[in-house]
Each structure stands twice: as structure tokens, then as C-alpha cells.
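Handing you this structure, nothing more for now.
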Amino acid sequence: MGERAIAAEARDLVKDFDGKRAVDGVSLTVPEGSITGILGPNGAGKTTTIRMMLGIIEPSSGSRSLLGHDRPLEVAREVGYLPEERGLYPAMPVAEAIAFMGALRGLPLKEGRRRALELLKSRGHEDWAKQPIRTLSKGMAQTVQLLGTIIHEPRLIVLDEPFAGLDAINQEKLEQLIRDQAAAGVTVIFSTHVIAHAERLCERVAIIAEGKAVFEGAVDEARGRLRPIVHLRTRADDGPWRAALPASAKKLGGEWRFELPASGPEPLLRALIDGDAGIETLSIERPGLHDAFIAIAGEAAAREMGHVPSAEEAA
Ligand SMILES: Nc1ncnc2c1ncn2[C@@H]1O[C@H](COP(=O)(O)OP(=O)(O)OP(=O)(O)O)[C@@H](O)[C@H]1O
């Protein structure tokens with residue numbers, strides 16, 4: 001990772017609850033200004049890992065550092081945290097609730113109120129400012145809580161399942177907020193069981209399954225663990241070119257699908273052309289994080305994350 005400063009680091013974090021191991025040796029490196037995802041199915045240990053990193057609970061063993069401190073609570077004012085359980089005072093007006101969350105992290109209330117109005121205005125929500133929390137929809141309340149998470153302009157924000165409960169439009173807005181924060185130099189860590197969010201946003205991911213980090217590193221590296229996939233349609237059904245396809249090639253709905261052989265695309269193309277396969281369509285695709293996740297974390301974890309194999313995959 002060269003010269004890049006590290007904003008957060010976990011080393012071999014372990015947490016036992018009443019003799020049951022919830023987190024079993026998770027390590028994580030979060031470069032400053034990066035967006036890092038913690039991926040895993042429900043109950044994998046994401047929340048427990050986050051709580052240990054923030055210093056909300058103590059690890060059974062292992063260590064962590066946050067913004068250069070071994071005692072994370074010392075830097076609490078520079079951290080924004082959106083917990084999984086979201087709670088706001090129902091009677092509080094929106095702008096007041098946002099300012100209040102900032103005050104908990106050391107921001108003077110007056111400045112918090114000013115910033116809250118500004119933040120709401122910049123998002124076209126100035127009409128929310130005086131509304132009591134109880135009159136908001138769930139998605140609106142979550143947006144308010146998010147604004148409260150960044151109101152004190154933290155250097156690091158940690159969001160536990162921030163996309164859960166948001167509709168597609170608000171999920172997109174949240175993705176943009178996360179990108180804007182990172183572009184401004186803020187480090188972002190978020191947990192999710194939806195791979196697509198991590199794929200679109202993250203530079204690095206930790207994949208957690210049953211308390212263990214089965215992968216930790218760059219998204220590109222996770223994807224790079226799998227070979228590209230070839231999709232091919234030919235006019236000829238058979239011919240000498242078939243020998244160039246790997247034994248594992250499958251024909252699904254008239255289309256061949258197989259991993260690109262280690263020899264690369266050129267010998268394959270030559271065999272198809274010389275063998276008069278009659279190429280109708282041909283694409284070579286890099287696997288997505290989703291496929292990498294299945295390969296790394298296994299089918300069981302993928303199923304728990306709500307992935308239902310398509311008929312083609314199941315074939
Ligand atoms: N305070 C606690 N006491 C006992 N067990 C706990 C406690 N907190 C978490 N666990 C257990 O630890 C395991 C990991 O839970 P954790 O909440 O960290 O998972 P998660 O990946 O965040 O999943 P989810 O998204 O469902 O919250 C679960 O089996 C959970 O029941």
C-alpha cells in the first residue's frame with residue numbers, strides 16, 4: 001500500500017460471548033480516504049467487529065487502532081458512527097436532532113444547528129428542519145440519522161448496514177454521500193450483506209463468514225482470483241475448434257460458457273477462426289465481486305446473503 005496512511009486497523013480480533021465465538025480472528029487494514037466494506041451474511045460478526053474497532057466493546061484478544069490511537073474512544077470526536085439500531089427522540093425537530101448528535105461528539109449546539117440547516121438545504125430538505133422526528137418516514141429518519149453522523153465533520157465514518165431499509169432512490173443518494181465524503185478525504189467503513197453496494201463503492205473489502213475473515217484486501221484482488229468468463233455463440237455446432245474449449249465448458253441456451261483458458265484469448269480465437277466455428281457473438285468478461293464472493297466465501301454464505309442461483313447456474 002506504499003506510503004498511504006492507515007486510518008484504521010484490526011489485528012486478529014476475537015470476541016467470545018458466553019463461551020461462544022462471535023468473531024474469530026478478523027484483521028482489517030483501512031487506508032486513509034478509502035471506502036472499505038465489511039461483507040457477510042447476517043450473524044457473520046460484522047457488527048461485533050465494528051464495535052470492537054470503535055472501542056464500544058473490548059476484544060477478547062487481538063488489537064486495533066483508530067486514527068493512530070490504540071484506545072479508540074480517545075478519538076471519538078473525530079469519528080462518526082451510524083449504529084445498526086437507529087434511535088432518535090420522536091418529539092425532537094429534525095434540525096435539533098442533527099445538532100444534538102453533533103453535540104454528543106463535541107460540536108457546539110449553535111454551530112450544529114447552523115450546519116444542520118445547511119446540510120438539509122443542500123439536499124433540498126429544508127422543509128424537514130422543524131418537523132418532529134415522529135412525523136418522518138423510516139427512510140427520512142434514516143437520512144436524518146446519517147446527517148447527524150457527519151455533522152461534526154469526522155475524519156472517519158463507520159456505517160453499520162446503512163443501506164438497509166432505504167428505497168432504491170435513497171440508496172443511490174447514500175452511495176453519493178459516501179462517495180462525496182471519500183472525495184473530501186474522509187475514510188468510510190460500512191458493513192453490508194448486499195454485494196452490489198460494496199462492488200460499486202469499495203476499494204477494499206473484508207469478507208466475513210461465521211466470524212472469520214475469509215478475505216481481506218482490494219476488490220480488484222478478490223475479482224482477480226477468478227479467471228474471466230467467455231460467452232460464445234457459433235453458427236457451427238461442432239468442428240475441430242471444439243478442442244480449444246475447456247472440458248468444463250457448458251452450453252446453456254445455445255451459448256457456450258467457460259473460464260478463459262490460461263493460454264489467453266488468442267489461441268482460442270485462432271482455433272475458432274481456423275476451425276470455421278462461425279462466431280456469432282463472443283464476450284470475455286471479468287468476474288464481478290459477486291462471483292468472487294461465492295468462490296471465496298462459498299455457496300453457503302452466498303445463499304445466506306440472499307443469492308438465489310439462476311436456473312443457468314444451477315444447471
Ligand atoms: N452482546 C452479545 N451477546 C451474545 N451474543 C452476541 C452479542 N452480540 C452478538 N452476538 C452474537 O455474535 C454473532 C455475530 O453477531 P453480529 O451482530 O456481530 O453479526 P452481524 O454480521 O453484524 O450480523 P447482523 O447483520 O445480523 O447483525 C451472532 O451469533 C450473535 O448472536
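Could you run through segment 51-94 and say how many residues are surrounded by 14 or more Cβ atoms within 10 Å (Cβ to Cβ) and small (Gly, Ala, Ser)?
6
Go through (1) in contact (Cβ under 8 Å) with a residue 60 or more places away in the chain; (2) surrounded by fewer than 18 Cβ atoms within 10 Å (Cβ to Cβ); (3) away from the ligand (no atom under 13 Å from the Cβ) for ARG21 and report which single condition fails.
Single failed check for ARG21: (3).
Ok, one more. Answer yes or no: is there a residue in segment 120-128 that is surrounded by fewer than 19 Cβ atoms within 10 Å (Cβ to Cβ), more than 16 Å from the ligand (Cβ to nearest atom) and within 21 Å of PHE190 (Cβ to Cβ).
Yes, the conditions are met somewhere in segment 120-128.
One residue is enough: does segment 32-40 have a residue meeting the conditions within 16 Å of the ligand (Cβ to nearest atom), more than 22 Å from the chain's Cα centre (by Cα), in contact (Cβ under 8 Å) with a residue 12 or more places away in the chain and surrounded by 22 or more Cβ atoms within 10 Å (Cβ to Cβ)?
No, segment 32-40 has no match at all.
Then there is this: From the list ASP70, ASP16, ASP12, ASP24, exactly one residue is more than 16 Å from the chain's Cα centre (by Cα), on the phi > 0 side of the Ramachandran plot and charged (D, E, K, R). Which is it?
ASP12
Right, something else. Mind checking whether some residue in segment 62-83 is in the same structural domain as THR135 (by TED's automatic domain parsing), hydrophobic (A, V, I, L, M, F, W, C), within 16 Å of the ligand (Cβ to nearest atom) and outside any loop (DSSP other than H, G, I, E, B)?
Among the residues of segment 62-83, at least one is in the same structural domain as THR135 (by TED's automatic domain parsing), hydrophobic (A, V, I, L, M, F, W, C), within 16 Å of the ligand (Cβ to nearest atom) and outside any loop (DSSP other than H, G, I, E, B), which makes the answer yes.
Regarding segment 87-102, can at least one residue be identified that is at pLDDT 95 or above and part of a strand (DSSP E or B)?
Yes, some residue in segment 87-102 is at pLDDT 95 or above and part of a strand (DSSP E or B).
Let's see how each residue does on (1) among the basic types (Lys, Arg); (2) within 12 Å of the ligand (Cβ to nearest atom); (3) surrounded by fewer than 22 Cβ atoms within 10 Å (Cβ to Cβ):
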{"site": "SER191", "(1), (2), (3)": "no, yes, no"}
{"site": "GLU199", "(1), (2), (3)": "no, no, yes"}
{"site": "VAL205", "(1), (2), (3)": "no, no, no"}
{"site": "LYS212", "(1), (2), (3)": "yes, yes, yes"}
{"site": "ALA218", "(1), (2), (3)": "no, no, yes"}
{"site": "ARG227", "(1), (2), (3)": "yes, no, yes"}
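Return a yes/no flag: does segment 14-33 have any residue that is within 26 Å of HIS290 (Cβ to Cβ), among the hydrophobic types (A, V, I, L, M, F, W, C) and touching a Pro at 6+ places or on another chain (Cβ under 7 Å).
There is no residue in segment 14-33 that is within 26 Å of HIS290 (Cβ to Cβ), among the hydrophobic types (A, V, I, L, M, F, W, C) and touching a Pro at 6+ places or on another chain (Cβ under 7 Å).
OK, next. Which ones in segment 157-173 are among the hydrophobic types (A, V, I, L, M, F, W, C), away from the ligand (no atom under 16 Å from the Cβ) and more than 21 Å from THR49 (Cβ to Cβ)?
Passing the criteria: ALA168, ILE169.
For the subset of segment 1-51 comprising residues that are part of a strand (DSSP E or B) and in contact with a His (Cβ under 8 Å, 6 or more places away or on another chain), which member is nearest to GLN181 (Cα to Cα)?
GLY37
Confirm whether ARG86 is charged (D, E, K, R), within 16 Å of the ligand (Cβ to nearest atom) and farther than 29 Å from ILE296 by Cβ.
When the stated conditions are applied, ARG86 passes them.
Further question on the same structure: Kindly evaluate GLY45 against the criterion of being surrounded by 15 or more Cβ atoms within 10 Å (Cβ to Cβ), modelled with pLDDT under 95 and away from the ligand (no atom under 14 Å from the Cβ).
no
Enumerate the pairs (first residue in segment 278-291 and over 14 Å from GLY264 (Cα atoms) and in contact (Cβ under 8 Å) with a residue 12 or more places away in the chain; second residue anywhere and part of a helix (DSSP H, G or I) and not charged (D, E, K, R)) with beta-carbon separation below 7 Å, excluding pairs fewer than 6 apart on the same chain, so at least 6 apart or on different chains.
ILE279/LEU272; LEU289/ILE195; LEU289/ALA198; LEU289/VAL219; LEU289/ALA222; HIS290/ILE195
The values are calculated or read from the model by the stated rules, or taken from the named source; none is laboratory data. A quick note: this is a predicted structure, and the numbers were derived from the prediction, not measured. In this analysis, Cβ positions are derived from the backbone assuming ideal geometry, glycine residues included, and neighbour counts consider all displayed protein chains.
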